[in-house]
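Accompanying notes for the structure given below.
What follows draws every value from the coordinates through simple rules; no lab data is involved. This structure is a prediction, so every number in the text was calculated from the model and none was measured. Glycine gets a Cβ as well: all are built from the backbone with ideal geometry, and neighbour counts include every protein chain shown.
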Amino acid sequence: MIINLRELRRLDHAVERDGTLELPRVAKENVQVEAIQPVHAHLSAQLAQGLCRVEGDLETTITYRCSRCLEAFDSPLTAALDEVFSERDTGDEDVHVVTGDEIVIDPYIEQAINLTIEFRPLCKPDCQGLCPTCGTNQNHGSCGCEKRTVDPRLSILQDLLSNDNSL
């Protein structure tokens with residue numbers, strides 16, 4: 001998506017932009033993301049006091065890989081975009097310097113999506129995960145493996161207690 005600064009200077013009001021864009025790098029760069037649907041963006045750009053502010057809402061659907069059971073699941077994702085641009089260096093690190101009359105918004109949309117992606121997504125809040133012994137997805141049923149674990153540092157005590165030899 002492109003915001004034209006010349007158009008903003010000519011008009012004395014905000015310019016609305018609606019569009020859809022593909023962001024395939026999001027799935028490639030985030031191991032918990034299997035796929036991302038096209039991102040729908042509704043943006044508003046306004047020029048005031050030499051600064052161009054671009055604000056808007058982003059919506060898409062992410063196919064995550066559950067961090068406990070490794071099953072794929074879809075989840076809606078919404079993100080906000082709020083960026084400020086200037087044609088000259090203002091000394092403010094939050095203001096992006098642009099050259100020319102066009103601002104390409106796509107990298108900023110991608111950044112906003114990346115910042116909103118769940119780090120450890122769960123298919124459901126009470127996901128049981130995989131059995132650590134056999135790998136069975138415990139959301140689909142029990143595997144019958146022994147669930148009691150012994151701290152490895154104390155396993156020698158378990159061996160002592162299980163011996164039938166008396167002192």
Quiz item: Is there any pair with a first residue in the range 123-137 that is more than 19 Å from Glu34 (Cα to Cα) and without any contact (Cβ under 8 Å) to a residue 40 or more places away in the chain and a second that is assigned to a strand (DSSP E or B) and hydrophobic (A, V, I, L, M, F, W, C) whose Cβ atoms are under 7 Å apart and which are 6 or more apart or on different chains, and what are they?
Solution: Thr136/Leu130
Quiz item: Which of the residues that make up the range 72-124 are among the aliphatic types (A, V, I, L, M), touching a Leu at 6+ places or on another chain (Cβ under 9 Å) and assigned to a helix (DSSP H, G or I)?
Solution: Ile109, Ala112, Ile113
Exercise. Considering only the range 21-71, give the strands (runs of 3 or more DSSP E) lying wholly within it that have at least 3 residues that are touching a Lys or Arg at 6+ places or on another chain (Cβ under 7 Å) and either free of Cβ contacts under 8 Å to residues at least 60 places away in the same chain or surrounded by 15 or more Cβ atoms within 10 Å (Cβ to Cβ) (or both).
Key: 39-48
Quiz prompt | Matching residues in the range 92-105 - criterion: being in contact with a strand residue (DSSP E or B) (Cβ under 9 Å, 6 or more places away or on another chain) and either buried (at least 16 other Cβ atoms within 10 Å of the Cβ) or over 18 Å from Thr20 (Cα atoms) (or both) | solution = Asp92, Asp94, Val95, His96, Val97, Val98, Asp101, Glu102, Ile103, Ile105
